[in-house]
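Engineer: Sharing a structure, written as structure tokens. Questions coming.
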Amino acid sequence: LSGFLLHLVGFCTPYWRSLHFKYTEDVIQDIDIVIQGFDEGIWRRCVNGICSEINVVGRDWLQVVRVFEIVALGSSLFATFLIVIHLVCQKISHTRRVYFVSIVSCFVTAASILLSTIVYGASVREGITWSYGCVVIGGIFYTASGTLMLFTYFLTRPK
């Protein structure tokens, strides 16, 4: 659940990247509009506190990141739902199948997050901040969850 929440926060917030500038007094006097910096997510960019949609023209890598993040969010919702079903309905005979599908969903989520963060990190390279970190940590949690669940699955299988 913590992996889902971290991933959701990182997915929604415009703080994957943050760059802020410092100007000297003489530069400020020569410029009509001073851009103090910007914060950027995968959906929105905020310049001087004013946010707008990101123009993706010429940024194919951002489209790739968005696709992998949407896949990760969908599979994380599915995995979380299946884990809850498994915990609530352990007496049902199909619960091992549900558990196995939730394991696969955890690994799909982790792989999608890994791919999206690699593409974003390779394309941006500087100014990466806390939203990106939330997504990475969420991916680590999904990897750990999938691995632990897989071990449990094989240790508790009928003989």
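Engineer: Please give the number of the condition Arg157 fails out of (1) under 21 Å from Thr13 (Cβ atoms); (2) of a type in the set (D, E, K, R); (3) exposed (fewer than 15 other Cβ atoms within 10 Å of the Cβ).
Structural biologist: Only one criterion in (1) under 21 Å from Thr13 (Cβ atoms); (2) of a type in the set (D, E, K, R); (3) exposed (fewer than 15 other Cβ atoms within 10 Å of the Cβ) is unmet by Arg157, namely (1).
A quick yes/no check of all residues on (1) over 11 Å from the mean Cα position of the chain (by Cα); (2) buried (at least 18 other Cβ atoms within 10 Å of the Cβ):
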residue: His86; (1), (2): yes, yes
residue: Gln90; (1), (2): yes, no
residue: Arg97; (1), (2): yes, no
residue: Ile113; (1), (2): no, yes
residue: Gly138; (1), (2): no, yes
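Engineer: Can we say Leu73 is out of contact with any Leu (no Cβ under 8 Å at 6 or more places or on another chain) and in a helix (DSSP H, G or I)?
Structural biologist: no
Engineer: Can you find a residue in region 142-155 that is among the hydroxyl-bearing types (Ser, Thr, Tyr) and without any contact (Cβ under 8 Å) to a residue 24 or more places away in the chain?
Structural biologist: The answer is yes; a qualifying residue exists.
Engineer: Residues of region 121-159 being of a type in the set (Gly, Ala, Ser) and outside any helix (DSSP H, G or I), which ones?
Structural biologist: Looking only at region 121-159, we keep the residues that are of a type in the set (Gly, Ala, Ser), and these are 121-123, 127, 131, 133, 138-139, 144-146.
Within region 121-159, Gly127 is the sole residue that qualifies.
Engineer: Here is a follow-up. Could you say whether any residue in region 68-77 is modelled with pLDDT of 90 or more, surrounded by fewer than 15 Cβ atoms within 10 Å (Cβ to Cβ) and farther than 22 Å from Ile140 by Cα?
Structural biologist: Within region 68-77, none of the residues are modelled with pLDDT of 90 or more, surrounded by fewer than 15 Cβ atoms within 10 Å (Cβ to Cβ) and farther than 22 Å from Ile140 by Cα.
Engineer: Has region 112-120 got at least one residue that is part of a helix (DSSP H, G or I), under 19 Å from Cys12 (Cβ atoms) and of a type in the set (Gly, Ala, Ser)?
Structural biologist: Yes, some residue in region 112-120 is part of a helix (DSSP H, G or I), under 19 Å from Cys12 (Cβ atoms) and of a type in the set (Gly, Ala, Ser).
Engineer: Look at Phe107 and say whether it is more than 13 Å from the chain's Cα centre (by Cα), at pLDDT 95 or above and either exposed (fewer than 14 other Cβ atoms within 10 Å of the Cβ) or in a helix (DSSP H, G or I) (or both).
Structural biologist: yes
The values are calculated or read from the model by the stated rules, or taken from the named source; none is laboratory data. Nothing here was measured: the structure is a model prediction, and the numbers come from that model. Glycine gets a Cβ as well: all are built from the backbone with ideal geometry, and neighbour counts include every protein chain shown.
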